[in-house]
Amino acid sequence: MPEKNEEITVEITGMTSDGNGVGRADGLAVFVPGTCVGDRVLCRIIKPSKNYAVGKLLTVLCPSADRVESECPVSSVCGGCTYRQMTYEAELEIKRKKVADAFARVGGISVEPQKTVGSVSPDRYRNKAMLPVARAKDGRLLIGFYAPRSHRVTDCRSCMLSPADFDDAVAAAARWIENSGVSVYDELTGRGLVRHIYMRRAPATGEMIFCLVINGRSVPDGKGLVKTLTDTLPGITGILLNVNTSRGNKVLGSEFITLYGRPEIRDTLCSLTFEISPPSFYQVNSPQAERLYNAAAECAGLSGNELLLDLYCGAGTIGLSMADRVSRVIGVEIIPEAVENAKRNAELNGITNARFICADASKAAADLRAEGVRPDVVVLDPPRKGLDKDVISIVADDMAPSRIVYISCDPATCARDCAVFKEHGYEVKELRPFDLFPRTAHVECVACLKRYSDNR
Ligand code: SAH
């Protein structure tokens, strides 16, 4: 068994679902972050344990054919990216395998995923950033990312995953923080004002908001902040404060205060305009979200005269993008601001056959069942934890749509839920992985389910 600080050679033969290379030493699995399948590496054991060990990469002795030089200057210290050391093609195949593994191992479902649909651009694709702000012990201002598995802030004011406007806004905000003498939040003591910078930018329209998350309700020299940002980015459409006085890890509090412009941004997806409020969910990679929604529409196989139920609908994006191919859309979402966005988005696009309900998905599903609503197609797009069991039983047993389109950002919970759907008479016909988060270990997938009884 390898011991702590021992230096060993490992052949990397596989990849874990969170993106660490894995090899074997003395019959034990050794996980080495920053490696590629096919690498032979020298690593130092930093965490030995009975069942596995974790190694820190020291030298690549013999590189995998997939290995490339990372183009990012901070990728070795920043916790954001996982796959900077390999070609994008290799990353897409790892993501396909991750989905395949989840369905085979967690779901016990034999379905071969299609090739992962790669992002239009693997860099600068994000439309949103949340950057922690801190002071180093020596007083330096730090704005950037948490180092892996820690709350230590790595100073990184330019991220290769984000648009250049974010870099400019962060530089301007940093100048304002230093000049205004505003205090910076300290997680340990709970004192200090500035906690995070939250930004969103719609690639199709260029609309952009900048939001300073503060441990209080106002900042000294708010006018100066607005001036600095609007001088730097004349096209910025909103400057806000978010009030977060809690001690926890949650980034955003519930209250937003507008200092300048409008809090919402408008983006274009699937030829529709979507207005998104700061607390509403919005896919972070807009061009790729459009492809995802188009694939969802294909799976839904819409015939023009059917009822579509869009559960976990956020700002209504998926249901509204299909509204012209169905008779009616019902959307369900728990965040009130997102439901308001969804209603407004229907209006903005002249869509009159959509209705939105603000409720927990299982409660709304039960109410809709009681109303006798029988959708022909159900789209499910839950958060990472997946579906509640009662959502599955109400949808499958009582509503019994002929097709279910399950969009997921976690293949493991999606596979688990699809296995339950199988017991309730639904089969996964197609599985399509989509890369919405290049360079990270995350992968989105669309599972197309059909009722067995309708297949015959
Ligand atoms: N379909 C949307 C949003 C998907 S993200 C899109 O593509 O943009 C998942 C959404 O589920 C979020 O908007 C979240 O607020 C919502 N949500 C989380 N828990 C929920 C619950 N219990 N009931 C209903 N909606 C929920």
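The values are calculated or read from the model by the stated rules, or taken from the named source; none is laboratory data. None of the values given here were measured: they were computed from a predicted structure. FYI the Cβ positions are ideal-geometry reconstructions off the backbone, even for glycines, and counts take in every protein chain you see. In case anyone asks, the SASA skips ligands and DNA or RNA and just uses the protein heavy atoms, side chains included. Shrake-Rupley method; radii C 1.70, N 1.55, O 1.52, S 1.80 Å.
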Across (1) at negative phi; (2) away from the ligand (no atom under 11 Å from the Cβ); (3) modelled with pLDDT of 95 or more, residue 271 clears everything bar (1)
Checked the stretch 422-435 for anything open to solvent by 40 Å² or more (accessible area, probe 1.4 Å) and either assigned to a strand (DSSP E or B) or in contact with a Phe, Trp or Tyr (Cβ under 6 Å, 6 or more places away or on another chain) (or both); matches are 427, 429, 430
Conditions (1) within 20 Å of residue 133 (Cα to Cα); (2) buried (at least 16 other Cβ atoms within 10 Å of the Cβ) -> residue 224 fails only (2)
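Mind listing whichever residues of the stretch 249-272 are farther than 24 Å from residue 222 by Cα and open to solvent by less than 50 Å² (accessible area, probe 1.4 Å)? Can you show your working first?
At the first step, the residues of the stretch 249-272 found to be farther than 24 Å from residue 222 by Cα are 249, 266-272.
Once the filter is applied, which keeps residues that are farther than 24 Å from residue 222 by Cα and open to solvent by less than 50 Å² (accessible area, probe 1.4 Å), the stretch 249-272 yields 267, 269, 270, 272.
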Those residues of the stretch 343-377 which are within 9 Å of the ligand (Cβ to nearest atom), more than 20 Å from residue 404 (Cα to Cα) and either among the small types (Gly, Ala, Ser) or outside the structural domain of residue 298 (by TED's automatic domain parsing) (or both) amount to 359
Scanning the stretch 289-319 for residues that are more than 10 Å from the ligand (Cβ to nearest atom) and either surrounded by 22 or more Cβ atoms within 10 Å (Cβ to Cβ) or among the aliphatic types (A, V, I, L, M) (or both) gives 295, 297, 299, 300, 302, 307, 308, 309
**Message:** Kindly evaluate residue 80 against the criterion of being open to solvent by less than 70 Å² (accessible area, probe 1.4 Å), of a type in the set (Gly, Ala, Ser) and touching a helix residue (DSSP H, G or I) at 6+ places or on another chain (Cβ under 8 Å).
**Reply:** no
Note on the stretch 32-62: residues of a type in the set (Ser, Thr, Tyr) and open to solvent by less than 50 Å² (accessible area, probe 1.4 Å) are 35, 49
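Taking the conditions exactly as written (in the same structural domain as residue 310 (by TED's automatic domain parsing), free of Cβ contacts under 8 Å to residues at least 60 places away in the same chain, away from the ligand (no atom under 11 Å from the Cβ) and in contact with a helix residue (DSSP H, G or I) (Cβ under 6 Å, 6 or more places away or on another chain)), does residue 425 satisfy them or not?
Values: in the same structural domain as residue 310 (by TED's automatic domain parsing): yes; free of Cβ contacts under 8 Å to residues at least 60 places away in the same chain: yes; away from the ligand (no atom under 11 Å from the Cβ): yes; in contact with a helix residue (DSSP H, G or I) (Cβ under 6 Å, 6 or more places away or on another chain): yes.
For residue 425, the condition - in the same structural domain as residue 310 (by TED's automatic domain parsing), free of Cβ contacts under 8 Å to residues at least 60 places away in the same chain, away from the ligand (no atom under 11 Å from the Cβ) and in contact with a helix residue (DSSP H, G or I) (Cβ under 6 Å, 6 or more places away or on another chain) - is met.
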Log entry, pairs with first residue in the stretch 381-400 being away from the ligand (no atom under 15 Å from the Cβ), second being part of a loop (DSSP other than H, G, I, E, B) and open to solvent by 40 Å² or more (accessible area, probe 1.4 Å), beta carbons closer than 7 Å, six or more apart or on different chains, reads 393/424; 396/424; 397/424; 399/374
Going through the stretch 130-184 in order, the residues found to be touching a Pro at 6+ places or on another chain (Cβ under 9 Å) and within 22 Å of residue 245 (Cα to Cα) are 142, 143, 144, 145, 146, 151, 153, 180, 181, 182
Exactly one of 29, 65, 25 is open to solvent by less than 70 Å² (accessible area, probe 1.4 Å), more than 25 Å from residue 150 (Cβ to Cβ) and of a type in the set (A, V, I, L, M), and that residue is 25
If I filter the stretch 402-421 for residues that are buried (at least 22 other Cβ atoms within 10 Å of the Cβ) and either modelled with pLDDT under 95 or over 30 Å from residue 15 (Cβ atoms) (or both), do I get at least one hit? yes
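Can you list the strands (runs of 3 or more DSSP E) found entirely within the stretch 1-111 that contain at least 1 residues being touching a residue at least 24 places away in the same chain (Cβ under 8 Å) and under 27 Å from residue 431 (Cβ atoms)? First the steps, then the outcome.
Details: elements: 7-11, 21-25, 28-32, 40-48, 52-62.
Counting at least 1 such residues, we get 28-32.
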Considering residues that are assigned to a loop (DSSP other than H, G, I, E, B) and more than 21 Å from residue 82 (Cα to Cα), the number found within the stretch 133-166 is 5
